[in-house]
Amino acid sequence: MIVLKNIFKSFDNNHVLKGLNLEINDGETFTILGPSGSGKSVILKLIIGILKPDSGEIFVDGQNIVKFRRSQLMHLRTKFGFVFQSGALFDFMNVGENIALFLRMHKNLSEDKVRQIVQTSLALVDLHNVEHLEPEELSGGMLKRVSIARAIAIQPKYLLYDEPTTGLDPKTCNVITNMISRLQQKLGVTSVVVTHDIESAIKISNRIALLYDGKIAFVGNGNEILQTDDQIVKRFINGELH
């Protein structure tokens, strides 16, 4: 379980989070919606300790991580697979090496086992015989799937997705959306998805939160977010919040 309590975070004079409270239950797909620049990705970076809050508490599996030392944070991150918006593959490594990197750094595994995990992870995202390809040889959708394969290779408890469908065509968006749902069910992970795509959010989520003006303005399931009379939610759905 992930719990954020009364989180404040500013960058210079830009007050991004203003007393944010959030609870993410084990085993659910929890999606954070919000306008561009509202701080959605900041929340993900706080959860894995890349950023620290100015004040407030962050609990992962009952542990307050805010004051964790570097070694503790490194151990914490082995629980997380992170799918970056850009894909964030190293262009000087091929697909197989990108996926194997974290395994070689943090797991005491034989090379045969590493290769097996790489192949299994790629198969889970419907990619086969691509280990030798360079990132520049991949389409946008394939890059995203390799990024997901790298995230699941470490067998995380939590999968964090930062804008997983941004920049993709509608058909590929649908493929990635279905994949997020399928992996959550197959692997039993807790998925936290940051997106501006409300259609995708409704399709994959157990619960959806709307981030607005530094706080969570609404939490509910897909039906509830569509049927609510909350004016902030309605304005977001209608594209009136920027």
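Kindly evaluate Leu4 against the criterion of being within 26 Å of Ile198 (Cβ to Cβ), of a type in the set (A, V, I, L, M), part of a helix (DSSP H, G or I) and touching a strand residue (DSSP E or B) at 6+ places or on another chain (Cβ under 6 Å).
Against the criterion (within 26 Å of Ile198 (Cβ to Cβ), of a type in the set (A, V, I, L, M), part of a helix (DSSP H, G or I) and touching a strand residue (DSSP E or B) at 6+ places or on another chain (Cβ under 6 Å)), Leu4 does not qualify.
Answer with yes or no whether Val83 is out of contact with any Pro (no Cβ under 8 Å at 6 or more places or on another chain) and within 27 Å of Thr177 (Cα to Cα).
Answer is no for this residue.
Restricting the search to segment 61-87, which residues are in contact with a helix residue (DSSP H, G or I) (Cβ under 7 Å, 6 or more places away or on another chain) and surrounded by fewer than 17 Cβ atoms within 10 Å (Cβ to Cβ)?
Result: Thr78, single match.
Restricting to segment 215-242, what's the tally of residues that are in a loop (DSSP other than H, G, I, E, B) and in contact (Cβ under 8 Å) with a residue 24 or more places away in the chain?
Qualifying residue count, segment 215-242: 2.
What's the number of the only condition in (1) under 27 Å from Ile198 (Cα atoms); (2) surrounded by fewer than 18 Cβ atoms within 10 Å (Cβ to Cβ); (3) of a type outside the set (Asp, Glu) that Leu101 fails to meet?
Only one criterion is unmet by Leu101, namely (1).
Yes/no matrix, rows are residues, columns are (1) more than 12 Å from Lys215 (Cα to Cα); (2) modelled with pLDDT of 95 or more:
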| site | (1), (2) |
| --- | --- |
| Leu4 | no, yes |
| Lys9 | no, yes |
| Asn13 | yes, no |
| Leu22 | no, yes |
| Leu33 | no, yes |
| Val42 | yes, yes |
| Ile58 | yes, yes |
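From (1) touching an Asp or Glu at 6+ places or on another chain (Cβ under 9 Å); (2) modelled with pLDDT under 95; (3) farther than 19 Å from Ile24 by Cα; (4) charged (D, E, K, R), pick out the condition that doesn't hold for Asp169.
(1)
Pro35 fails exactly one of the following numbered conditions: (1) under 20 Å from Glu57 (Cα atoms); (2) in a loop (DSSP other than H, G, I, E, B). What is the number of that condition?
(1)
Based on this model, can you work out whether Lys113 counts as surrounded by fewer than 16 Cβ atoms within 10 Å (Cβ to Cβ) and under 26 Å from Met74 (Cα atoms)?
yes
Listed residues Ser86, Ser71; which is free of Cβ contacts under 8 Å to residues at least 12 places away in the same chain and touching a Ser or Thr at 6+ places or on another chain (Cβ under 9 Å)?
Checking each option against the conditions leaves just Ser86.
Among the candidates Leu168, Leu138, Leu133, single out the residue that is more than 26 Å from Thr78 (Cβ to Cβ), in contact with a Gly (Cβ under 7 Å, 6 or more places away or on another chain) and among the aliphatic types (A, V, I, L, M).
Leu168
The values are calculated or read from the model by the stated rules, or taken from the named source; none is laboratory data. The shown structure was predicted, so the numbers you read here are calculated from the model rather than taken from an experiment. Here Cβ is always computed from backbone atoms with ideal geometry, including for glycine, and neighbour counts include all displayed protein chains.
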